[in-house]
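The values are calculated or read from the model by the stated rules, or taken from the named source; none is laboratory data. As the structure is a computational prediction, the values presented were derived from the model and not from experiment. Quick reminder, even Gly has a Cβ in these numbers, built from the backbone with ideal geometry, and neighbours come from all protein chains shown.
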């Protein structure tokens, strides 16, 4: 019996040391790249993204800084479709770096990725738990590409929630939304008990900033989604949904929720039987093919429309 207790004590001590070690390491991980690191990442490419910042000032609110990355717009009068990538949590615009290296995409669209408020270099550490407010802070990006012939928003996980709000606010501008493993329905995601422990006053201060950001968003997510619930009929964009059937973090029932609430949008779904919450990592090429297919259908429709006008 004494031997068993000794083994248990050592096991608990080992777990505690590992937990403390992981927590200590997490303090030095912020899942972001500096402007210079991004420049080095894409050095040597024919089409290299550029880094930009803008500020949003609103009465009664602190001024917020937002960083985004975009590939250069084509010169002259030609204009490419724009694809705006919105990341989840915890993450940053670097989550989509591989898409910015894909020549098949770079030749077909102007790519944009943004650090959501509080992440990356968009005032890192200053959390914004309101989806409504986050969309307001990203609205200048929608305005920036108002002359684009086609605007697609790709939202991953929590980024899907913000993408939905952008589509609600811009029914005439956002042409297509691609929801990837997106959390859309209130309560349709897993919240681990440790999230509530990490939110307690005695523990909250010791949680690394990146994890604290994600946890604050997680615990406020249900109410934030409930706040936009009445506005789902405002979405008139075409919708494509990619979701893993084995996703235990953001449940596949989010797809059902979206189909029920997107009453003024055309919805196409892709349920991946072998995937969890890992589509961007493990199905990136598949995602790219779907995005390219959307762009191709847009071009075909535009050709048909122009020919129809010419006949008249």
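Of the residues making up segment 88-111, one or more are touching a helix residue (DSSP H, G or I) at 6+ places or on another chain (Cβ under 9 Å) and in a strand (DSSP E or B). Residues in segment 114-135 that are under 15 Å from residue 69 (Cα atoms) and either in a helix (DSSP H, G or I) or in contact (Cβ under 8 Å) with a residue 60 or more places away in the chain (or both): 4 in all.
Checking each residue in segment 257-266 for being exposed (fewer than 15 other Cβ atoms within 10 Å of the Cβ) and outside any loop (DSSP other than H, G, I, E, B) picks out 259, 260. Within segment 136-155, one or more residues are closer than 24 Å to residue 108 by Cα and free of Cβ contacts under 8 Å to residues at least 12 places away in the same chain.
Answer with yes or no whether residue 44 is at positive phi, modelled with pLDDT under 95 and not in a strand (DSSP E or B). Yes.
Let's see how each residue does on (1) touching a strand residue (DSSP E or B) at 6+ places or on another chain (Cβ under 8 Å); (2) in the same structural domain as residue 135 (by TED's automatic domain parsing); (3) over 21 Å from residue 214 (Cβ atoms); (4) without any contact (Cβ under 8 Å) to a residue 12 or more places away in the chain:
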residue: 71; (1), (2), (3), (4): yes, yes, yes, no
residue: 74; (1), (2), (3), (4): yes, yes, yes, no
residue: 96; (1), (2), (3), (4): yes, yes, no, no
residue: 106; (1), (2), (3), (4): no, yes, yes, no
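Just one of (1) free of Cβ contacts under 8 Å to residues at least 40 places away in the same chain; (2) in a helix (DSSP H, G or I); (3) in contact with a helix residue (DSSP H, G or I) (Cβ under 9 Å, 6 or more places away or on another chain) fails for residue 173. It is (2).
Take the conditions assigned to a loop (DSSP other than H, G, I, E, B), assigned by TED's automatic domain parsing to the domain that holds residue 217 and more than 22 Å from residue 297 (Cα to Cα) and apply them to residue 159. Does it pass? In short, no.
With more than 15 Å from the chain's Cα centre (by Cα), assigned to a loop (DSSP other than H, G, I, E, B) and surrounded by fewer than 22 Cβ atoms within 10 Å (Cβ to Cβ) as the only criterion, which of 140, 149 stands out? After ruling out the rest, the residue left standing is 149.
Note on segment 96-127: residues that are closer than 17 Å to residue 218 by Cβ and surrounded by fewer than 24 Cβ atoms within 10 Å (Cβ to Cβ) amount to 3. The helices (runs of 4 or more DSSP H) located wholly in segment 185-254 that include 3 or more residues which are in contact with a helix residue (DSSP H, G or I) (Cβ under 7 Å, 6 or more places away or on another chain) occupy 193-198, 209-228.
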